[in-house]
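Step one of this worksheet: look at the structure below.
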Ligand code: GAL
């Protein structure tokens, strides 16, 4: 039993110290300590994907037992756990956070919710996992809405003081953490009589995150088409409209791989029937054939709430919660019965017909957006309540669908509005459309700490500049999507929703379209580079999109940089935000070069860029070799296989990608490049800087 401190010997009648077992190593560098008696249902106990056991050997060796002492006590509310926090130690992670980056000094609640307006921790994908600059990661294994006090809660003073030294009358409203001191993290877990804590050893933050990802089941490589450009149609679009737009994109040379259909493909959408609407889509097989003939994939919008008119209703009814949403059933995705019935129906009626994936909407909670979801006091046949269900609903929903693709040996890449702990292996990207550009980027930067992918999708823009800036960012993200679910024509034809739907186009829309076409083209050009970034995700859990501080943890300037990020190992992106006159770019140590021009920028510096900058600022590590494809209209087009190898500086950092049926190895020596390729052709070497 770990030593008990005075915090545990509390006077409160209802509080008792909990037995803490010793740290136990369960995988190389992954340790668990059990405090009290954990609940039966937790993210780890109910996991559906095992750890990627073989990949632990690719991470730095770490087998020294943790010295960290963790203590817990049982309270009338559940249990509270206390973990140490060192002087100067900073905290990152906690899932998809929109409103803050460095978490020390904050109170955060792991509560699933769409569209948080203030920085409470609520999010589409809160994850009770954080990493610290001490080089460790901590997962508190609970599906409860646990509160984390990241250094902002302190024990009461123990002794009286004879006299005050100085009058201090100024109100202290600025947070209650003294980062220079040793403090504690308190985690308040409601209901539970105990909890398991998992520790992921570094030795540095990036390795701790990798270990968490590998423990979660490992990263994955999306299908190539998933990394192309995605466009979602107007919700009410029918078969003819969708096909006309698909043809128009090809005619107007706008690259696109995935066409998304929004609610209107279904006969009833809120809640869902999961069957085609015969009026809008009179011939679904013909529609899927016609899109496939033009090399498009089709992604279908839906949510899980099952309408009484759905053919799925009878199978879901016995395995659903006791509350409904929009008059539909809430499938008990914590149990195999609902997952299987739901998945098999999708498999037979939609996946077998050729649908490539789904957008799993509305599976988050809705405390801030109308309160439409199921209540926390819901009960489910699997034995869990609504609070626990909210914490796992998005992830279990992903499994219901993903499993059908797995059974068929088919790849998918989809969208989802909620996720949680241990999400790393799931081929889904989080999205939502109600954020400003700055928040979208902060969420992208934060997502990489916790095994999540995030799409800063473009739906609307306040100006042409805003459209351009958002599009520039989204092409440098895990999923490049324009979500035009409420506009008939692409935003570059008319930004204003009313005018767009009335068919009133901008006078010079073709020039705006040309700028957007070029930006979408960059996406197609970088697919080979992205494939390599995702390959590392699969091989050793390195997040393909991540905060700069993960690569340079010693650089304290980076503790606050939440508007720049790494893409893969070589590329750093610093988006511009419309309306801001300048932006500062912070450069980690080392030598950097402007990706577009090759111009050298010394590391350890800051650069101030004027807003007039036309392209999105992207930099690469000097020495990088970056494959840059010709622009194809889809990821499988012959142009997408023809590459220019961009060589920066001395070209000393070779590029390697080993796919299942494609490979690319590029190196540079003595002024000459050599390429080993499978499926690609390198027809040009371009030196920059
Ligand atoms: C929203 C979703 C949008 C769009 C819309 C359709 O909840 O975030 O992207 O799909 O539903 O009704």
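If the condition is being buried (at least 22 other Cβ atoms within 10 Å of the Cβ) and either out of contact with any strand residue (DSSP E or B) (no Cβ under 7 Å at 6 or more places or on another chain) or over 20 Å from residue 177 (Cα atoms) (or both), then segment 85-96 contributes 95, 96. Inspect all residues belonging to segment 414-429 and state whether any of them is closer than 19 Å to residue 304 by Cα, more than 11 Å from the chain's Cα centre (by Cα) and either at pLDDT below 95 or not assigned by TED's automatic domain parsing to the domain that holds residue 574 (or both). Yes, segment 414-429 contains a residue that is closer than 19 Å to residue 304 by Cα, more than 11 Å from the chain's Cα centre (by Cα) and either at pLDDT below 95 or not assigned by TED's automatic domain parsing to the domain that holds residue 574 (or both). Number of residues in segment 266-275 that are within 16 Å of the ligand (Cβ to nearest atom), part of a loop (DSSP other than H, G, I, E, B) and within 16 Å of residue 311 (Cβ to Cβ): the value is 6.
Residue by residue, here is whether (1) within 28 Å of residue 635 (Cβ to Cβ); (2) within 16 Å of the ligand (Cβ to nearest atom); (3) in contact with a helix residue (DSSP H, G or I) (Cβ under 6 Å, 6 or more places away or on another chain) holds:
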{"position": "277", "(1), (2), (3)": "no, yes, no"}
{"position": "281", "(1), (2), (3)": "yes, no, yes"}
{"position": "288", "(1), (2), (3)": "yes, no, no"}
{"position": "292", "(1), (2), (3)": "yes, no, no"}
{"position": "295", "(1), (2), (3)": "yes, no, no"}
{"position": "304", "(1), (2), (3)": "no, yes, yes"}
{"position": "311", "(1), (2), (3)": "no, no, no"}
{"position": "317", "(1), (2), (3)": "no, no, no"}
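Residue 260 meets the conditions (1) crowded, with 23+ Cβ neighbours inside 10 Å; (2) farther than 30 Å from residue 44 by Cα; (3) more than 16 Å from the ligand (Cβ to nearest atom) in every case but one. The failed one is (3). For segment 240-251, the criterion of being closer than 18 Å to residue 528 by Cα, in contact (Cβ under 8 Å) with a residue 24 or more places away in the chain and within 16 Å of the ligand (Cβ to nearest atom) is satisfied by no residue at all. Among the numbered conditions (1) crowded, with 23+ Cβ neighbours inside 10 Å; (2) over 30 Å from residue 376 (Cα atoms), the only one that residue 65 does not meet is (1). In this structure, does residue 366 turn out to be within 16 Å of the ligand (Cβ to nearest atom) and surrounded by fewer than 20 Cβ atoms within 10 Å (Cβ to Cβ)? Considered against the rule, which asks whether it is within 16 Å of the ligand (Cβ to nearest atom) and surrounded by fewer than 20 Cβ atoms within 10 Å (Cβ to Cβ), residue 366 comes out as yes.
Scan segment 369-378 for residues that are out of contact with any helix residue (DSSP H, G or I) (no Cβ under 8 Å at 6 or more places or on another chain) and away from the ligand (no atom under 13 Å from the Cβ) and report the count. Before the answer, list the steps.
Kept after step one, since they are out of contact with any helix residue (DSSP H, G or I) (no Cβ under 8 Å at 6 or more places or on another chain), are these residues of segment 369-378: 369-372.
Restricting the remaining residues to those that are away from the ligand (no atom under 13 Å from the Cβ) gives 371.
So the answer is 1.
The set of residues in segment 86-129 being touching a helix residue (DSSP H, G or I) at 6+ places or on another chain (Cβ under 9 Å) and within 16 Å of the ligand (Cβ to nearest atom) consists of 96, 98, 112, 113, 123, 124, 125.
Looking at segment 349-363 only, could you name the residues that are within 21 Å of the chain's Cα centre (by Cα) and away from the ligand (no atom under 15 Å from the Cβ)?
Answer for segment 349-363, where residues must be within 21 Å of the chain's Cα centre (by Cα) and away from the ligand (no atom under 15 Å from the Cβ): just 356.
Specify which of the listed residues (101, 129, 148) is outside any loop (DSSP other than H, G, I, E, B), in contact (Cβ under 8 Å) with a residue 12 or more places away in the chain and under 24 Å from residue 554 (Cα atoms).
On the way: 101 fails: outside any loop (DSSP other than H, G, I, E, B); 148 fails: under 24 Å from residue 554 (Cα atoms).
Just one listed residue meets the conditions, 129.
Among the candidates 647, 631, the residue that is modelled with pLDDT of 95 or more and either surrounded by 21 or more Cβ atoms within 10 Å (Cβ to Cβ) or part of a strand (DSSP E or B) (or both) is uniquely 647.
The values are calculated or read from the model by the stated rules, or taken from the named source; none is laboratory data. On a predicted model such as this, the values are computed, not experimentally measured, just so you know. Note that we place each Cβ from the backbone using ideal geometry, even for glycine, and neighbour counts take in every protein chain shown.
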